[in-house]
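Asker: Starting off with a structure, shown below.
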Amino acid sequence: MSRYGEAMTGAVLEAQFAAKLKGVYEFRLHPELWATPGINAYYPGRAWTSVRFIAPAPPEVPAVSGIYMFVVAPHCGTLADHSYIFYVGKATNLRTRYAEYLREKACNCESPRENVVRFLNHLEDYVFFHFTPVPQNELDHAESLLKDNLTPFANTQVNIIGRLNTA
């Protein structure tokens, strides 16, 4: 338990986040953005790898720059596809970034983000880490194409209005 005036950390902070809205996730869909020509021009042919988000990082996660997505996928019954992209990000080293998320999940980092901590813990049996290598000089562009047009729940810096106004 933290003292008055001290910031909560670790399990105490995680419990606070979980109690706030356990099981409630809001999202918006903007189908008019999904067919953005930039996405269609940039991403065809890129190989995406998917691993279950577990500790430690699976050996498939490379130490290279790339784009990643956290995807929640129940994989229940015989439904072919019913997943949801929760977060899109970029990394100069995918393996290092993966490890940082493991620390954030445990609230053992400087500024844990509530939405990220909540979904990594509450949905932990269903979270997958999807990634594709991208050259470091293309990271900003590659991330923006996905983040701004897919509008994932846990991304807090989404520039939707700017994208809507482009032809």
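Asker: Determine whether Val71 is hydrophobic (A, V, I, L, M, F, W, C) and at pLDDT below 70.
Answerer: no
Asker: Would you mind stating whether Leu164 is modelled with pLDDT under 85, of a type in the set (A, V, I, L, M, F, W, C) and within 26 Å of Pro44 (Cβ to Cβ)?
Answerer: Values: modelled with pLDDT under 85: yes; of a type in the set (A, V, I, L, M, F, W, C): yes; within 26 Å of Pro44 (Cβ to Cβ): yes.
The answer is yes for Leu164.
Asker: If I go through the stretch 123-150 residue by residue, how many of them are closer than 21 Å to Pro56 by Cβ, out of contact with any strand residue (DSSP E or B) (no Cβ under 7 Å at 6 or more places or on another chain) and touching a residue at least 60 places away in the same chain (Cβ under 8 Å)?
Answerer: 1
Condition check ((1) charged (D, E, K, R); (2) modelled with pLDDT under 95; (3) assigned to a helix (DSSP H, G or I)) across all residues:
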position	(1), (2), (3)
Glu6	yes, yes, no
Ala19	no, yes, yes
Phe27	no, yes, no
Ile85	no, yes, no
Glu100	yes, no, yes
Asn115	no, yes, yes
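Asker: Return the residues of the stretch 141-153 that are part of a loop (DSSP other than H, G, I, E, B), at pLDDT 80 or above and in contact with a helix residue (DSSP H, G or I) (Cβ under 7 Å, 6 or more places away or on another chain); say none if nothing qualifies.
Answerer: Filtering the stretch 141-153 for residues part of a loop (DSSP other than H, G, I, E, B) gives 151-153.
Still in the running and at pLDDT 80 or above: 151-152.
Hit for the stretch 141-153 is Thr151, nothing else.
Asker: State the number of residues belonging to the stretch 129-140 that are crowded, with 17+ Cβ neighbours inside 10 Å and either within 12 Å of Tyr42 (Cα to Cα) or at pLDDT below 95 (or both).
Answerer: Summing the residues that are crowded, with 17+ Cβ neighbours inside 10 Å and either within 12 Å of Tyr42 (Cα to Cα) or at pLDDT below 95 (or both) in the stretch 129-140 gives 2.
Asker: State yes or no: is Arg52 more than 12 Å from Val127 (Cα to Cα), of a type outside the set (A, V, I, L, M) and within 16 Å of the chain's Cα centre (by Cα)?
Answerer: no
Asker: Are any of the residues in the stretch 43-62 within 18 Å of Thr151 (Cα to Cα), at pLDDT below 95 and in contact with a Leu (Cβ under 8 Å, 6 or more places away or on another chain)?
Answerer: yes
Asker: Looking at (1) surrounded by fewer than 17 Cβ atoms within 10 Å (Cβ to Cβ); (2) out of contact with any strand residue (DSSP E or B) (no Cβ under 7 Å at 6 or more places or on another chain); (3) under 24 Å from Glu32 (Cα atoms); (4) at pLDDT below 90, find the lone condition where Val158 falls short.
Answerer: (1)
Asker: When Gly89 is evaluated against the numbered criteria (1) assigned to a helix (DSSP H, G or I); (2) at pLDDT 95 or above; (3) within 17 Å of Asn149 (Cα to Cα), which criterion, by number, is the only one it fails?
Answerer: Result: Gly89 passes all but (1).
Asker: Yes or no: Cys76 without any contact (Cβ under 8 Å) to a residue 40 or more places away in the chain, assigned to a loop (DSSP other than H, G, I, E, B) and surrounded by 15 or more Cβ atoms within 10 Å (Cβ to Cβ)?
Answerer: Details: without any contact (Cβ under 8 Å) to a residue 40 or more places away in the chain: yes; assigned to a loop (DSSP other than H, G, I, E, B): yes; surrounded by 15 or more Cβ atoms within 10 Å (Cβ to Cβ): no.
No.
Asker: Still on this structure, please answer the following. Just one of Gly10, Gly23 is modelled with pLDDT under 95 and loosely packed, with under 10 Cβ neighbours inside 10 Å; which is it?
Answerer: None of the other options fit; the residue is Gly23.
The values are calculated or read from the model by the stated rules, or taken from the named source; none is laboratory data. Just so it is clear, the model here is predicted, and its values are computed rather than measured. Using ideal geometry, Cβ is built from the backbone for each residue, glycine included, and neighbour counts are taken over all protein chains shown.
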